[in-house]
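The values are calculated or read from the model by the stated rules, or taken from the named source; none is laboratory data. If you're wondering where the values come from, they're calculated on a predicted model, not measured in any experiment. All Cβ positions, glycine included, derive from the backbone under ideal geometry; neighbour counts span all protein chains shown. Accessible surface is based on the protein model in full, side chains and every heavy atom, while ligands, DNA and RNA are left aside. Shrake-Rupley method; radii C 1.70, N 1.55, O 1.52, S 1.80 Å.
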Amino acid sequence: MSIHQPPATPTERIVAEIWCDVLELDEVGVLDNFFEVGGYSMLMQLVRAQIAERTGVRPTLPELFIHSTIRSCAAFLDGSAKGGTAKGGSVTAGTAAERASDRGTVRETDIAVIGLACRFPDAVDTDQFWRNLVSGADSISRFPPKSIPGPGGGKREYVPARGLLREPEWFDAGYFGYTPREALLTDPQHRVLLECAVEAIEGAGYDPDRFPGLIGIYAGCSLSSYTETLRARQQEDHSITTWDILMGTTSDYLASRIAYKLGLRGPTANVQAACATSLYAVHFAARALIAGECDLALAGGSSVRLPAELDNYRVGGITSPSGVCSPFDTAADGVVGGQGCGITVLKRLSEAVADGDHIHAVLRGSAVNNDGRDRAGFTAPGVRGQVEVVRAAQRAAGVTPSSITYVEAHGTGTRVGDPIEVAGLNQAFDDGEPRAEPCLLGSVKGNIGHLDAAAGIAGFIKTVLAVERGTLPPSLHYSVPNPDIDFGAGPFVVVTEPTPWAPVGQPRRAGLTARGLGGNNAHIVLEQPPAPRPRAESEEHQVLVLSAHTPAALDELTARIAGRLVERPELELRDVAWTLQVGRRQHGFRRFAVVRDREDALRVLGGGVPERLVGGDHARDGRAVALVLPQAAGAEVLRHWQALGLDPDLTLGPDCDEAAIGAALDTPGRVFLELGAPGTAARLREHPRWTPEHLVVTVTDPLAALGELWLAGLSIDWAVARSTQPAHPQLAHTEPASTNPARRVPLPGYPFQRQPYLLEAGPAVQPSSSAPGAGPNTERTVSMLFTEMLGLPEVDPEDSFFDLGGDSLVANELVGRLEQLLPVRLEVRAMYDAPSVREFTALVEEQLRAEAVRHD
């Protein structure tokens, strides 16, 4: 609270009288904040009208929000406010080093954006999102009008509206090793981000299991509404514990859940900064890379509230009654909410260039801060904090404001928020330098709504795609400017149609802002990616390797890759092959093809030559390898296969005896690499110890042999394979791969095989709590607990609890439930000794019999 001070100047007395009239107060102090003594934005409109009538000065709403005390407002009106008006002073054009950097020099602090994934309204991936943006699609779902009580006993109509995801409750539990019960107990916004994380890192061309460095993740989500659903169900279904709800819905475990499921070993942190959450996450991820804390970093956010909130309009609130988000327009009447999820993968630019990564954009610099108390109220935006964060990001980027030709604004479509934001941007971009062209302005919220914790990453992905592709999408629902926005005081012009983006004499460069309730500000500077290094054309045959968690997913993935080759004929086959070889998680169901060019690949992947699309589900880890040679092995042959990632532990020659062959076959699943000794291979297959698990790979076509070895589950060093690749039998000569490197390219994401997992508030079907004692029905009791704890309709009595998706926590719950139903006491480790229904039943019955004997 401020110390009460009466008005001291004529203007202060006028403003004080106006405040008292509008706020219906007897007196106010000159240091009181308008919004802390009962004022709000609609009343500020009345204040402005009276000020114009009594003083002849008509201030803008942003100016009154900035000068929210009587003293500062009167000083502003008198033209003597400290620091000048909202336009403020100019910024310096930058140091010599900054100017040099401004010309495009690669710096150690530059960060490459190498992966993107999203699920937004009407968009299941970034390609669909981009098509929607460029076409000007409005992806908001609107519903029949409703009414609520209005002022004076009347009614106020509004249009329920929200940007909605398609089937957000659908999830591929099997891919991540979740039981159906675990999936049901996990917040959908966690599950959606988990799938997007896989798509983003695969889109970047990296497999966490084979990445040599540290991968970090920074992510945040909105307040969980699923928690309320689970607590309501808990009242009826006592198998749902408070621990289940905590682990499944709390934001603390969002990032760590992804780290666990993807095997990320770098810094893992949950980020919460209200509507700026996901852009804060990008900032922290970039700083972690600069500091050397990790070598790849994922950053993003998710906001998926189920059931979707549609009836949240309140008179005087920020929600739009029209159901239309109109950033910067005179018709702007509030926010439209939305569901969504987005995530990016970042890497140090110098390393991304060296490693042949596909670079969507360069993150030149970023900054975060808070408005502090210098604003109208806790939920109100400030100007000074925004100006400072934009300038700090530009300094970090080493660029001048005049070199930035697009800004993706926070742009929520509120009557007062947009003018305040543009006032801050005008001040931050006032560098005193001439500008050859205007700085274009837009906001994605007109397309998909305000995504809360995912709002920043939505703007980030839009801006990255624009920077990469050279087109600025239109900012929707803008025709007549909000009269409280002073566009004449700055360089900004709103984009109203798809606009080619090709600044003269400089790269495409953009600023991106996110602001959060509570005063959080984030700003990022993005730049056009460097052009790939030139290289010679390649006529090498390529090995395309594909794997998936299920046969259906493998078929769909094959079709997707073929589709990408059709859609993007400029993609080079060597890059597609390399990305599939090194940039995808390796699953059990696999297939490969050796192809000579794009047309050949389309023919094979499309099923035109089925014998050349070789598949199998016999991949297994830890296979031993033996070399089958026509003569004694030379050290060079052994070193060659070791360099490819194999580790042969014995060799068999044409003169080996039956004992040697038998000893080799004693190792289950051994792979025999036959290098010109068909007689020995035939003896192996005819030996009585040969089993279907053994495998002979005959090396006639070296590329096909690599495919066969990979199909069997052996790890191949594809980089070495490329650098030492001999000419294909059908080619006379090819340029060595080591002098003609392949690059990672964005390929279609994994085809998740989703099913719906959603609990809804209401009575639950309770499993029977009564169970018979020892005897034939004990197995039925144990089976009932397996299905209940795992969320499965039924289980095979021979299947392992842990193979079905159980873990130690679920096992602990199962044992606890069993002790409530039967007079037994078991340790959790008993589940590991007897993991199937049948084995565990035998263990339980043994203890029941022992208990009966003891009582006798």
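How long is the gain from Phe378 to Arg535 if the chain were fully straight, where each residue apart is worth 0.36 nm and the alpha carbon distance is subtracted?
50.9 nm
Using mean Cβ contacts within 10 Å as the protection proxy, how do 221-233, 533-545, 186-198 order, highest first?
So the peptides 221-233, 533-545, 186-198, ranked by packing, come out 186-198, 221-233, 533-545.
Tell me, what is the FRET efficiency for Leu31 and Thr330 to the nearest 0.05, using R0 = 41 angstrom and their Cβ-Cβ distance as r?
My answer for the efficiency is 0.75.
Using the Kirkwood radius built from alpha carbon pairs, what does the Stokes-Einstein equation give as D for the chain at 4 °C and 1.567 mPa s, in µm² per second?
42 µm²/s
Would you work out what percent of the accessible area of region 313-362, with all protein chains in place, is carbon or sulfur (probe 1.4 Å)?
56 percent
Quick one: what do you get for region 130-186 if you divide its Cα Rg by 2.2 N^0.38 Å?
Its radius of gyration relative to the 2.2 N^0.38 Å reference: 1.91.
May I ask for the distance between the Cα centers of region 622-668 and region 675-701, given as a whole number of Å?
Computed from Cα coordinates, the inter-centre distance equals 11 Å.
Using Cα positions and a limit of under 13 Å, work out the aspartates and glutamates in reach of Lys146, with same-chain residues fewer than 8 apart set aside.
Glu157, Asp311
Could you sort the peptides 274-280, 58-64 by per-residue average Cβ neighbour count (10 Å cutoff), highest mean leading?
Details: 274-280: 29.1, 58-64: 21.0.
Highest-to-lowest ranking by the protection proxy: 274-280, 58-64.
What full-extension length gain, to one decimal in nm, is calculated for Ser808 and Phe143 as 0.36 nm per residue of separation minus the Cα-Cα distance?
On the way: separation 665, 0.36 × 665 = 239.40 nm, distance 4.58 nm.
The span from Ser808 to Phe143 would gain 234.8 nm if fully extended.
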